[in-house]
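Participant: One structure is given below, represented as structure tokens, and several questions about it will come after.
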Amino acid sequence: MSHFTKTIAACAVALMSCTLAANAYADDGQSDGHWQHHQQNQPRHHDGILHDLLKIHAELNLTASQEQLWQAALAAGKTEHEQQRAAFQQARPELKALMQAPILDLRALQAEHEKIATQAHQDHAQVMEAWLKVYDSFDATQKKLVSTTLKDKWQQHQRFAEHWDKTHAPAAQAQ
């Protein structure tokens with residue numbers, strides 16, 4: 001099998017896997033509860049930065065204006081999540097139709113992916129801007145608390161990455 005054929009096959013498998021996984025995790029009303037936190041508008045990433053910020057929310061002793069910015073950022077995040085979900089639900093029938101074709105149209109799949117990803121990126125940028133406004137409103141003590149929390153999270157990710165590299169790198173090199 002040529003390198004080009006292998007590349008095309010890998011792309012097709014990756015696109016199909018992503019599409020099928022997204023379809024499987026989309027809310028079809030028949031969920032087994034595994035993804036129930038999405039339906040309850042809870043934070044999507046149990047160990048993510050938002051989760052860590054929510055844990056220190058009380059310690060930050062926010063002023064009224066800071067609390068308004070905080071709530072606006074949370075609302076922006078919720079809106080982003082709902083918009084992404086709606087965009088995928090809107091694209092789902094087209095993706096399903098594309099995946100059922102006898103011969104996959106990789107260009108059409110890529111175009112649909114790019115359309116969704118571009119909108120998601122724009123929505124995410126708005127949410128990030130809202131959180132940066134919150135951070136900009138903090139005093140030195142609040143910024144120190146947030147910085148320490150984020151640095152701790154970064155170190156946790158670094159330890160995980162190092163562990164992953166040690167346990168999985170030899171297997172990847174053997175292939």
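Bear in mind these aren't lab numbers, they're just calculated from the coordinates by the rules spelled out. Predicted, not measured: the structure shown is a model, and the values here were computed from it. Cβ sites come from the backbone with ideal geometry, for glycine too, and all protein chains shown count toward neighbours.
Participant: What is the Rg over Rh value, at two decimals, for region 46-168, using alpha-carbon atoms and the Kirkwood definition of Rh?
Facilitator: Here the Rg-to-Rh quotient is 1.12.
Participant: For region 46-168: lysine pairs with Cα atoms under 26 Å, gap of 8 or more or different chains, count?
Facilitator: Here the count comes out as 21.
Participant: Take each of the peptides 149-158, 127-136, 53-62, average the number of other beta-carbon atoms within 10 Å over its residues, and list them starting from the highest.
Facilitator: My ranking of the peptides, most packed first, is 127-136, 53-62, 149-158.
Participant: Which of 147, 137 has the fewest other C-beta atoms within 10 Å, and how do the rest follow up to the most?
Facilitator: Starting with the residue having the fewest Cβ neighbours, the order is 147, 137.
Participant: Based on the Cβ-Cβ distance of residue 85 and residue 110, what FRET efficiency does E = 1/(1 + (r/R0)^6) give at R0 = 35 Å, to the nearest 0.05?
Facilitator: Efficiency, from the Cβ-Cβ distance: 0.95.
Participant: Can you tell me how much longer the chain between residue 94 and residue 165 gets when fully stretched, taken as 0.36 nm per residue apart minus their C-alpha distance, in nm with one decimal?
Facilitator: Taking 0.36 nm per residue and subtracting the Cα distance, the gain is 21.7 nm.
Participant: In nm, to one decimal, how far is the residue 143 label point from the residue 157 one, both placed 7 Å along Cα→Cβ?
Facilitator: 2.1
Participant: Still on this model: What length, rounded to one decimal in nm, is gained on full extension from residue 58 through to residue 122, with 0.36 nm per residue of separation minus their alpha-carbon distance?
Facilitator: Here the answer is 20.0 nm.
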